[in-house]
1. Among what's in the range B:10-36 and is crowded, with 19+ Cβ neighbours inside 10 Å, within 28 Å of A:THR8 (Cβ to Cβ) and of a type outside the set (A, V, I, L, M), pick the residue that is farthest from the other protein chains (Cβ to nearest Cβ).
2. Keeping to the range B:15-34, report how many residues are part of a helix (DSSP H, G or I) and touching a residue at least 60 places away in the same chain (Cβ under 8 Å).
3. Being modelled with pLDDT of 95 or more and aliphatic (A, V, I, L, M) narrows it down to one of B:VAL254, B:VAL243, so name that one.
4. Kindly indicate whether any position in the range A:66-80 is buried (at least 18 other Cβ atoms within 10 Å of the Cβ), within 10 Å of chain B (Cβ to nearest Cβ) and at pLDDT below 90.
5. How many of the residues making up the range A:102-159 are crowded, with 19+ Cβ neighbours inside 10 Å, within 12 Å of chain B (Cβ to nearest Cβ) and assigned to a helix (DSSP H, G or I)?
6. Among the residues of the range A:19-69, which ones are assigned to a helix (DSSP H, G or I) and hydroxyl-bearing (Ser, Thr, Tyr)?
7. Looking only at the range A:44-53, decide whether some residue is under 18 Å from the mean Cα position of the chain (by Cα), at pLDDT 90 or above, under 19 Å from A:THR20 (Cβ atoms) and assigned by TED's automatic domain parsing to the domain that holds A:LEU26.
8. Within the range B:203-221, work out how many residues are basic (Lys, Arg) and in a strand (DSSP E or B).
Amino acid sequence: MGHADETTFESFVASTGNQTFRTALLLCGDWHLAEDLTQSTYAKVFASWTKVRRADNPPAYLRTVLVNTYLSHRRLRRSSETPSATLPDTALPGTDPSTRLALVEVLRTLSRTDRAVLVLRYWEDRSVAQTAHDLGLSEGAVRTRTTRAAQRLRAVLDADFPDVVADRARA
Amino acid sequence: MSTHETHDDLRARFAEVVDGASLDLDHLVDGSRRDGRRIRTRRRLTAVAACAAVAAVVVAAGSALTGGGGSTADAPYATSTTATPDPSPGGRTTTELVYPVGRPEPITGRSTAAALLDLVGQLQDGTASGIGGQGGDPAGAAVETYAVLRWKSATGGAATPVMINVQNGFDPGPDQSADPKGYACAEGQSVAAGTCTVVGGSGKPFFSCRDDRVECTVTRQDGLLVVAYEEHRGGAVDRHVDVFHPDTGLRVTVASTNASEFETRDRVRAEPPLTSAELRAVATLDVWGETLPRLWQRRGDELAAYHDYDAVGR
């Protein structure tokens, strides 16, 4: 790989890195696992950089790698490690810790596929068709999973954290 | 709540969760490049292995037909690694090293060994065996670790030891770093040619060019005191780079030899596998300290044939 390609990879990471990390954070629910997932994702992208940079939509390619790596990553971890699904103790600026932890806790109760569906649909603003493509599901399956997971998320949040929900409703 | 409201509400909640979350993108680039190169290497090795498997079948078939015997490969007894290939033609000459991002973990002998294995693998194609180490103290304030491996360069020659010693809180004694005697050599200058500049004059034992050291230079690099030297015993050469951080008391020593063991005369290859520049690149890396990245800790824990010198001594 020549220097020009590496510079382009750098600029690609610069423009997408933090958004990718935030998506990884929502998928993993753990800061350090998200770091590992993000680096693993970009390593795969770098290994195929010639192909990625020529793709019609490199960020979409990146997202697909991220999700696939997340799903396989979790499968591997389940067989060998106990994931510590926690966010860092350090509070992020401008974040209500109770809301943050509540949402992470609820996300943890979902299957990894449902979690990926929610993150893609609601955080990445992917359409049903795009999410189906990203996850290799049918559009019907994505709709079903989205509805079911979102209802579960809302039900738990509304029941267990009424103050948080009320605060948001007043805001 | 409508679907649209649910969408907006959950998106807002997700945004709250990750608000302000960011990574060191420079480290992310470095780590991704390094791991990405390894992925490429594995792909190539897989392709080569597939070809070799086909060839082996052909050879085995031919051998069976002719009644010929096979040979046993001289495989390392411990783990082995193949280094990152140099993207430029003509072999690897870069000494640019990268290390993992991620949570720092207390340094141990195993993580130090994994780090050494990783870094040497970035510098050269080759295989490692005889990996071992010692040290690391969860309760200690001044943790010291040691790691060693036998490196067999892909370019040939016998496997010989490469070692690293990480000493946190090293006390060099008075004036060790203040005025070392030695030579400051610019590029193209050498001690042998007498073109280097003599610096200092106190001649302290650790960070100076003592009489028993040859090809010795003392330089200051980014606030660090760096002593590079060799010890010769006949044809045997131990090559060292000794780095001292005056601000933290951290000392990192990295060495390579062309002998079967350090401090012996049993020369088994022409030169030590690592050059002084390569040793310097490892020793001056800003990753060393009381912690190492978690990835190296994991890899250290996974080393199958790690020799724990602490355990042997107990």
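1. By that ranking, first place goes to B:ASP30.
2. Qualifying residue count for the region: 6.
3. None of the others qualify; the one that does is B:VAL254.
4. No - not one qualifying residue is present in the range A:66-80.
5. Selection size over the range A:102-159: 17.
6. A:THR20, A:THR23, A:THR38, A:SER40, A:THR41, A:TYR42, A:THR50, A:TYR61, A:THR64, A:THR69
7. Looking through the range A:44-53, at least one residue is under 18 Å from the mean Cα position of the chain (by Cα), at pLDDT 90 or above, under 19 Å from A:THR20 (Cβ atoms) and assigned by TED's automatic domain parsing to the domain that holds A:LEU26.
8. 1
The values are calculated or read from the model by the stated rules, or taken from the named source; none is laboratory data. All values derive from a computational prediction rather than experimental measurement. All Cβ positions, glycine included, derive from the backbone under ideal geometry; neighbour counts span all protein chains shown.
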